[in-house]
Amino acid sequence: MTKITSREIRLVSRPRGMLNADNFSLVRTELEPLQDQQVLVRNLFMSVDPYMRGRMNEGKSYVPPFKIGEPLEGGAVGEVVESRTKEFKSGDVVTSNFGWREYFRASPQELHPVSCDIQPLSVYLGALGMTGMTAWAGLNLVAVKAGDIIYISGAAGAVGNVAGQLAKLRGCRVIGSVGSMEKVMFLREECGFDIAFDYKTAPVLEQLNLEAPDGIDVYFDNVGGEALEAALSVLRVNGRIIACGGISRYNDEKPQPGPSNLFNMTTKRLTMKGLIVSDWQDHRGEFEEEVGGYFRSGKLKNKETIVEGIGQAINAFIGLFDGKNVGKMLVKLA
Ligand SMILES: NC(=O)c1ccc[n+]([C@@H]2O[C@H](COP(=O)([O-])OP(=O)(O)OC[C@H]3O[C@@H](n4cnc5c(N)ncnc54)[C@H](OP(=O)(O)O)[C@@H]3O)[C@@H](O)[C@H]2O)c1
């Protein structure tokens, strides 16, 4: 094996409040020679995801924190350059959790083979990847069905736009909130949402009351904060909440008090279920069959915002908190 130089992003310090580029470093490293039972992979695309913000903090959560001085981790799709295993050969395409770097060595157990027949390969990080599966799992978690009126916050993002498209395919009436007019148009014209509004132009509750005067059955929460509070107000009796994310609070230095109207849970007998997509790994085959089928037949769009090069990865990540992405935010590495 010729010597391979790779660049990777490391965590230098834990962000306090809103993160900035100084919390990270871009480092050039030389890979150790490949050992038996190892595969050398060149990443083609890597994912940046809001949940990674939580891993930059210290403390116990459902995934361990990133370590200071070490490369970050996250979803990536790459091509096998060299293999000293029987499971993989050069040219195979794999997904892994070794994002935030250009090349890496791994054992076969750390890689998941994917088919090159589906293009673009970046779809394995979006609609057919972790975020698409989150959307699908969320709808299943509270048994979203035909006739439901569902409101989705963060609706033009990776999870939100797929959740909305899948809910439409199930026969729901779909409402989405987003942070710009461009995203409103994307939801209405490309994703088939019935209603989309810009949460920056008027209070969410006001807009929901206008667009769903008879209330909603389901709330898919990607944002928390004001959107959750508004949803609690407009949910009907026996309504369901998919507690998927709360990006509006991920950069808070101190936890904020919860919704002031939580008592709606009681008066309206609401159900709120927490979602962690990794709990659904055993259903991956079902997800790939159903959602993969929609994608292959053209019924599901995979929208992406792609930035070029590992040097832009941190900007791409910070951009998630500024709403810079429509669809899945990705970094193209090769
Ligand atoms: N539970 C799980 O297993 C799981 C798995 C994946 C993702 N998630 C969660 O799902 C949510 C969406 O993730 P994603 O990967 O699809 O990200 P994403 O929606 O593609 O990107 C983040 C989007 O959040 C919106 N946003 C940022 N700050 C906001 C604020 N203060 N208020 C309202 N909206 C804000 C921005 O869109 P606008 O322009 O519309 O503001 C931005 O584009 C996140 O909360 C994430 O943590 C959970």
### Message
Between residue 182 and residue 266, what is 0.36 nm times their sequence separation minus the Cα-Cα distance? Round to one decimal in nm.
### Response
26.5 nm
### Query
What residue among 297, 107, 90 shows peak mean-square fluctuation when the chain is described by a Gaussian network model with Cα springs under 10 Å?
297
### Message
Rolling a 1.4 Å sphere over the protein heavy atoms, what is the accessible area per residue of the range 1-133, to the nearest Å²?
### Response
48 Å²
### Task
Express the Stokes-Einstein translational diffusion coefficient of the chain in µm² s⁻¹, to the nearest whole number, given a Kirkwood radius over alpha-carbon pairs, 20 °C and a viscosity of 1.002 mPa s.
103 µm²/s
### Message
Across the range 83-241, what fraction of all alpha-carbon pairs, as a whole percent, falls in each successive 10 Å bin from zero upward?
### Response
10, 35, 26, 16, 11, 3, 0
### Query
Along the principal axes of its C-alpha atoms, what lengths does the range 214-283 span, in descending order and rounded to whole Å?
36, 33, 18
### Query
Based on DSSP H runs of at least 4 residues, each adding -39500 (n - 2.57), what is the mean residue ellipticity at 222 nm of the chain after dividing by all its residues, to the nearest 500 deg cm²/dmol?
-6500 deg cm²/dmol
### Task
Provide the net charge surrounding residue 163, with neighbours chosen by a C-beta distance below 11 Å and charges set as Lys +1, Arg +1, Asp -1, Glu -1.
+1
### Query
Which of 298, 75, 215 moves most in a GNM of the chain, Cα contacts under 10 Å?
298
### Alpha carbon convex hull of the range 212-334, volume per residue in cubic angstrom
171 Å³
#### Entry: Nearest-20 debye value, the chain charge dipole, Cβ charges on Lys, Arg, Asp, Glu
240 debye
### Message
Cut-off 10 angstrom, C-alpha nodes, Gaussian network model of the chain. Which of 324, 268, 254 fluctuates the most?
### Response
254
#### Entry: Exceeding the 27 Å Cα-Cα cut-off - candidates 67/89; 168/324; 299/324
67/89
### Query
Is any residue of the range 20-40 close enough, with backbone N under 18 Å, to a label point placed 7 angstrom from the Cα of residue 305 along the Cα-Cβ axis, and if so, which?
20-21
### Query
At each listed q (0.19, 0.20 Å⁻¹), what is the log10 of I(q)/I(0) that the Debye formula gives for the range 37-164 modelled as equal alpha-carbon point scatterers?
-1.10, -1.15
### Task
Quickly work out the residue 145-to-residue 26 label distance, labels modelled 7 Å from Cα along the C-beta direction, and quote it in nm with one decimal.
5.2 nm
### Summary
Hydrodynamic calc, the range 272-318: Kirkwood Rh from Cα pairs, then Stokes-Einstein at 4 °C with viscosity 1.567 mPa s, so D in µm² s⁻¹ is 94 µm²/s
### Task
Apply 1/(1 + (r/R0)^6) to the Cβ-Cβ distance of residue 115 and residue 283, taking R0 = 25 Å, and write down the FRET efficiency to the nearest 0.05.
0.85
### Task
Could you check the simple spin-label distance between residue 214 and residue 256, using points 7 Å along Cα→Cβ, in nm with one decimal?
3.3 nm
### Message
With a 1.4 Å probe and all protein chains left in place, how much of the accessible area of the chain comes from carbon and sulfur atoms, in whole percent?
### Response
49 percent
### Task
Among DSSP beta bridges whose residues both lie in the chain, state the antiparallel percentage, nearest 5.
55 percent
### Task
Using only alpha carbon pairs under 8 Å that are at least six residues apart, calculate the relative contact order of the range 224-334 and give it in whole percent.
23 percent
### Query
Can you flag which of 86/328; 200/268; 145/254 are past 31 Å Cα-Cα?
86/328; 145/254
### Task
Go from 0 up to the bin containing the longest alpha carbon distance in the range 130-181, width 5 Å each, and give me the % of pairs per bin.
5, 24, 34, 25, 9, 3, 0
### Task
Enter the accessible area of residue 188 (Å², nearest 10), with the probe set to 1.4 Å and all protein chains included.
110 Å²
### the range 50-107: trypsin sites (Lys or Arg not before Pro) in DSSP loop, at most 12 other beta carbons within 10 Å
60, 67, 86, 89
### Summary
Once residue 107 and residue 202 are pulled to full extension, the length gained, defined as 0.36 nm per residue separation minus their Cα-Cα distance, is 29.1 nm
#### Entry: Counting DSSP beta bridges with both ends in the range 56-116, the antiparallel % (nearest 5)
90 percent
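The values are calculated or read from the model by the stated rules, or taken from the named source; none is laboratory data. Computed from a prediction, not measured in an experiment: that's the story for all the values here. As a convention, Cβ positions derive from the backbone with ideal geometry for all residues, glycine included, and neighbour counts pool all protein chains shown. The area values use the complete protein model at the heavy-atom level, side chains included, leaving out ligands, DNA and RNA. Shrake-Rupley method; radii C 1.70, N 1.55, O 1.52, S 1.80 Å.
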